[in-house]
Structures are given as C-alpha cells and as structure tokens.
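A short write-up of the structure that comes next.
The values are calculated or read from the model by the stated rules, or taken from the named source; none is laboratory data. Small disclaimer: the values here were computed from a predicted structure and weren't measured. Methodologically, a virtual Cβ is constructed for each residue, glycine included, from the backbone with ideal geometry; neighbour enumeration extends over all protein chains shown. These accessible areas exclude ligands, DNA and RNA; they are computed on the full protein's heavy atoms, side chains included. Shrake-Rupley method; radii C 1.70, N 1.55, O 1.52, S 1.80 Å.
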Amino acid sequence: DAGITQSPRHKVTETGTPVTLRCHQTENHRYMYWYRQDPGHGLRLIHYSYGVKDTDKGEVSDGYSVSRSKTEDFLLTLESATSSQTSVYFCAISELGVNFGYTFGSGTRLTVV
Amino acid sequence: DQQVKQNSPSLSVQEGRISILNCDYTNSMFDYFLWYKKYPAEGPTFLISISSIKDKNEDGRFTVFLNKSAKHLSLHIVPSQPGDSAVYFCAASESGSARQLTFGSGTQLTVLP
C-alpha cells in the first residue's frame, strides 16, 4: 500500500547480530503495529505504538524492542537475532474511526542463519 | 492458547459455488471481528468486518455472519471466483484494547476454474 512502506523487503542475517526493521507511513495514523507471520500461527502481535514515544508489548515481545520517535516511523529491533526469529514481519497502521481496519505493509522476510 | 481459531487450514471450491470460511473465538470480551485476505508476497488487506451488535454484514459477494452464543463467525463468498484464491485471516478485537487485533492462523482458499 502506498501509505505504508517497510524496509528492507528481504534480509538474511547471522545468529547473534542486531537487526532493525523500519516501517514508514505517510498517513499520519496514530497507531502502528508490528506482527510476525509463521505457519500454523497466523499473525501474532509483537509490539505496538499508540503515539510518539508511546509503545507497549504484544503477545510475542521477547527478544524484540521498538522505538517511535516520529509519527511516521516505527522501528523494530532484534537485539541479538536467533533462528526462532526467522519469519515474515508485517507493519500495520490504524486510526480512530476506521473500524479497526488496519493497513498493512508488504512485509519483510527475515532469515536468521 | 489461541483465542481465535481457524480449524481448516485449506478449502477448495469450484468457481461459481459458495465458499464458507469458519472462525471460532474463546474470548467473550471480543466485540469486533474482521476478515482479511492475503495474497503471496503481499500484506493482508481488509475485507469485511462486523460489530458484536449485529449478526450479519454484507458487502457485495462477501457476507460475514456472527453467532455470539456459539462464539463463531463465518465468511461466505458467493459466487466464488478464481481471483478469490488467497489466505483468509479472521481477526478479533475488544474495546479499549488500543485497537489490537488477535488473528487466527488462516485458511488457504483455492477456487478452481
């Protein structure tokens, strides 16, 4: 979707290295989310943000941290990547009055070797 | 413990026939439900939603039914088209949850020409 972009689209990294994924939006939406998609689990919430510098943990937050210093950017950091963090990561945005309809980015495929 | 369950990983139907995708939930606090569609290498896109104050919502070929007593919802697609082939995710949210969505594991729908 044109209003939300994720970078990089693909990344291969080694176990133990730090990795940062970026989500950028041009919609000025208040809420931003990071999900991971794994076979048999669907989409699981990692962290979310309800405003600049306001973030909270989701269902599977262990091993991940986030930062939101500007409305448009939401960063997801894996401090020390592990093979269990190999996944497809999706960022989403949402706003009040939009009936919970998220707009998702195209995803980042991360492989930890 | 999955709060939103899609027990059928896959479903195949003939073009022109009805597709019925099912979803069950366990959290009685959920009061808003959504369906998302996902094509390979793309992010999920919002399809249709329903509030717990309704039992049916229709949008063109797509209808969502909600049975609160059974904690069950279903998505009907009539008539099914080959372009409907995708993974369908059921999602649920509760008021005051910072708009977090809890997703099911998804159902791969294949519409055969």
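A few notes on this one:
- Whole-Hz couplings from phi, Karplus 6.51/-1.76/1.60, listed for region A:13-18; x for Gly and Pro: 9, 9, 3, x, 8, x
- Heavy-atom accessible area for A:Val113, with the other protein chains in place and a 1.4 Å probe, reaches approximately 100 Å².
- In the context of the full set of protein chains, the protein assembly as shown has a per residue accessible area of 46 Å² (1.4 Å probe).
- Within the accessible surface of the protein assembly as shown, defined with a 1.4 Å probe on protein heavy atoms only, the carbon and sulfur portion equals 48 percent.
- Packing rank of A:32-45, B:32-45, A:60-73, where each peptide gets the mean count of other beta carbons within 10 Å, highest leading: A:32-45, B:32-45, A:60-73
- Amide H partners (placed H, <5 Å) of A:His47, local residues excluded: A:Trp34, A:Gly58
- Pairing chains A and B buries close to 1800 square angstrom of accessible surface in total, based on protein heavy atoms and a 1.4 angstrom probe.
- Within 10 Å of each Cβ in A:87-95, the average number of Cβ atoms from other chains: 2
- Structural descriptor for region B:29-73: relative contact order 26 percent, calculated from alpha carbon pairs under 8 angstrom and at least 6 residues apart.
- ³J(HN,Hα) computed for each position of region A:83-92 - Karplus, 6.51 cos²θ - 1.76 cosθ + 1.60, integer Hz, glycine/proline x: 4, 5, 8, 5, 5, 9, 10, 10, 9, 9
- In the context of the full protein assembly, B:Lys68 retains an accessible surface of approximately 100 Å², using a probe radius of 1.4 Å and ignoring ligands and nucleic acids.
- For region B:18-33, 3J(HN,Hα) per residue [Karplus equation, 6.51 cos²θ - 1.76 cosθ + 1.60, θ = phi - 60°, Hz, x = Gly/Pro]: 8, 9, 10, 10, 10, 8, 10, 9, 10, 7, 6, 7, 4, 9, 8, 10
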